[in-house]
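Worksheet: one structure, shown below.
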Amino acid sequence: MADPSSYRPKPGQIPDSPGVYRFRDEHRRVIYVGKAKSLRQRLASYFQDLANLHPRTRTMVTTAASVEWTVVSTEVEALQLEYSWIKEYDPRFNVKYRDDKSYPYLAVTLNEEFPRVQVMRGAKRKGVRYFGPYGHAWAIRETVDLMLRVFPVRTCSAGVFRNHVQKGRPCLLGYIGKCSAPCVGRVTPEEHRELAEEFCDFMAGRTGTYIRRLEKQMMAAAEEMEYEKAARLRDDIGALKRALEKNAVVLADATDADLIALAEDELEAAVQIFHVRGGRVRGQRGWVTDKVENVDTAGLVEHALQQLYGEESGDAVPKEVLVPALPEDTDAVTEWLTGRRGAAVSLRVPQRGDKKALMETVERNALQALGLHKTKRASDLTTRSRALEEIAEALGLDSAPLRIECFDISHLQGEDVVASMVVFEDGLARKSEYRRFQIKGFEGQDDVRSMHEVITRRFKRYLAEKDRTGEWIGGDDPVHEALEDDGRPKKFAYPPQLVVVDGGQPQVAAAKRALDELGIDDVAVCGLAKRLEEVWLPHEDDPVVLPRSSEGLYLLQRVRDTAHDFAIRYQRSKRSKRIRTSPLDAVPGLGETRKQALIKHFGSVKRLRQATIEQICEVPGMGRKTAESVVVALAQSAPPAPAVNTATGEIIEESDGGSTT
């Protein structure tokens, strides 16, 4: 625990102007980002008697080891920079709203020649029009199914589309009138794009004009006694009205607005957002966060606005944003939102009428979301805490291992040897910290040697970071790659409390030897053997056996299995890439099926290269002529023989100057 006075800036050193500041811990990791109208006044508030600070603020300043700041011209710039840094550094003491799920959107790919209507999740793509988010994917599919009758836009994937182009006949939707079948030329690209744009207009809320137009066409068809056409238009109108009924009118003035409501207690806060377009609720989403910093409702609203609109632009930012409390810098936030939209945005608290009533509905949703989250979280948090305590007790650790790193080696019969590193913090996977390694120190199958190499490379990076900050002096050739020039951590910058290896005594001994060689004595090591799920410790002849019902054992198994799966995926990707670019590609007439059959039969290209023509002919589908071609191709692509020192007879090995992750 650091004393804030040890890193407090000198009096007069801090400028009295707007800016953004960062607190860093002893490992140079950014733990908190904040902004202020006056950096001098705001930072001075952190360096006072610890007894006067809020408990969360006190924890942050005693965890920090340094503070730095950047001066900006306006409060709007400070808001933008604060959001960018929070997203980049992921500080542990900042409020961060996280989606409780990946919400699905209805998307129209206007960036394609023939736009496609589909369900999309994840990051938004350029040139795609989005509607939503929706609570469930089935809700999107029901809406689309109703609207395809009127707007028969393509919904098939690129592969299916190409397949029907080659066949020259449409799919089932084309036959039943729910697709205009651009794959077979029933409509031109221009006509199909017009359909897609009409679909977008209808989804954007411009519904009344289109329905009235269809009604006029229906009446005209009836007057001209074109009853089949009139009946078809009548059914189209009914389908559109049923689609509209799924989104009831909540604001009579056809408002485009987002309503944001909060439910909070001392420890957590939940936010709910209703997206209203054309007076109808078009989407809903919700986030929950731990209140790791001392922040009031206005501060939570500001963080929510940053999270919601930080990467949006244009119509994705509505004309009106309704909130339960205005942020402290209302003018700056409003100006920032206006800049994101490119037009004026109204940020206000609803006081009466339909908008106030709808805000109360959103607040009830937030209360329910917080209650449901606390019910789940209580169980999860208790279980994780118990698991970490059981691991600490079983391994004889001084405290619970809040950061666990697990390593696994994967290969296929000695080829494509790779390793994985997965990270769990507070019992939860931290996927952004996962790393992959290629084993380059030697060739062949040797899990123990591979484990020693991986642990050595990982912790050399950590020691390089300590060396850079002056906390450690050692090594003749440290690797100065742990931090970017501006101090941002790159890879392996933070040490774990526990290293877990997938294996038994040999792998544990190799990992411990690697740490000892680097002079690291404050990281515990254990191994989890698959056969009996035994936990092995260095220099111990007998394993630690945890009860089968132990939460600690379950967590170790989950960590080990995650590392195993991550390593296998990497190894398979390398193997498939190698097969795709193998010497067999040069064999005329040898297709993908027979290539895979050869590799499967012999296990590797190396063994195939050693096979005779007669042995290759034993593979199903391989004739003698093809087998001869395979032998010639492999002989031509054989690796060069190793260089030999003629004086001593030793094989000269090429040194590998670096490590690759």
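Every condition in (1) outside any helix (DSSP H, G or I); (2) in contact (Cβ under 8 Å) with a residue 24 or more places away in the chain; (3) more than 20 Å from VAL301 (Cβ to Cβ) holds for GLY12 except the one numbered (2).
Would the stretch 83-92 turn up any residue that is in a strand (DSSP E or B), within 30 Å of the chain's Cα centre (by Cα) and hydrophobic (A, V, I, L, M, F, W, C)? No, the stretch 83-92 contains no residue that is in a strand (DSSP E or B), within 30 Å of the chain's Cα centre (by Cα) and hydrophobic (A, V, I, L, M, F, W, C).
Each row is one residue, and each column tells you yes or no for (1) in contact (Cβ under 8 Å) with a residue 24 or more places away in the chain; (2) assigned to a helix (DSSP H, G or I); (3) closer than 21 Å to LYS35 by Cα.
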residue: VAL295; (1), (2), (3): yes, no, yes
residue: GLU302; (1), (2), (3): yes, yes, yes
residue: GLN306; (1), (2), (3): yes, yes, yes
residue: PRO327; (1), (2), (3): yes, no, yes
residue: TRP336; (1), (2), (3): yes, yes, yes
residue: ARG340; (1), (2), (3): yes, yes, yes
residue: ALA343; (1), (2), (3): yes, no, no
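Filtered by the rule that a residue be open to solvent by 40 Å² or more (accessible area, probe 1.4 Å) and not basic (Lys, Arg), the stretch 522-537 gives ASP522, LEU532. Of all the residues in the stretch 420-465, those that are open to solvent by 50 Å² or more (accessible area, probe 1.4 Å), farther than 15 Å from GLY503 by Cα and of a type in the set (Asp, Glu) number 2. Residues in the stretch 15-45 that are open to solvent by less than 20 Å² (accessible area, probe 1.4 Å) and part of a strand (DSSP E or B): GLY19, VAL20, TYR21, PHE23, ARG24, VAL30, ILE31, VAL33, GLY34, ALA36.
Can you pull out the residues in the stretch 46-57 that are farther than 14 Å from ARG92 by Cα and in a helix (DSSP H, G or I)?
Result: LEU50, ALA51, ASN52, PRO55.
Scanning the stretch 345-369 for residues that are assigned to a helix (DSSP H, G or I), open to solvent by less than 70 Å² (accessible area, probe 1.4 Å) and touching a strand residue (DSSP E or B) at 6+ places or on another chain (Cβ under 7 Å) gives LYS355, LEU358, MET359, VAL362, GLU363, ASN365, ALA366, ALA369. Take the conditions (1) open to solvent by 80 Å² or more (accessible area, probe 1.4 Å); (2) modelled with pLDDT of 85 or more; (3) under 24 Å from LEU412 (Cα atoms); ILE616 misses just one of them, which is (1).
The values are calculated or read from the model by the stated rules, or taken from the named source; none is laboratory data. Because the structure is a prediction, the values reported are computed rather than measured. Glycine gets a Cβ as well: all are built from the backbone with ideal geometry, and neighbour counts include every protein chain shown. What goes into the accessible areas is simple: the full protein's heavy atoms, side chains included, and nothing from ligands, DNA or RNA. Shrake-Rupley method; radii C 1.70, N 1.55, O 1.52, S 1.80 Å.
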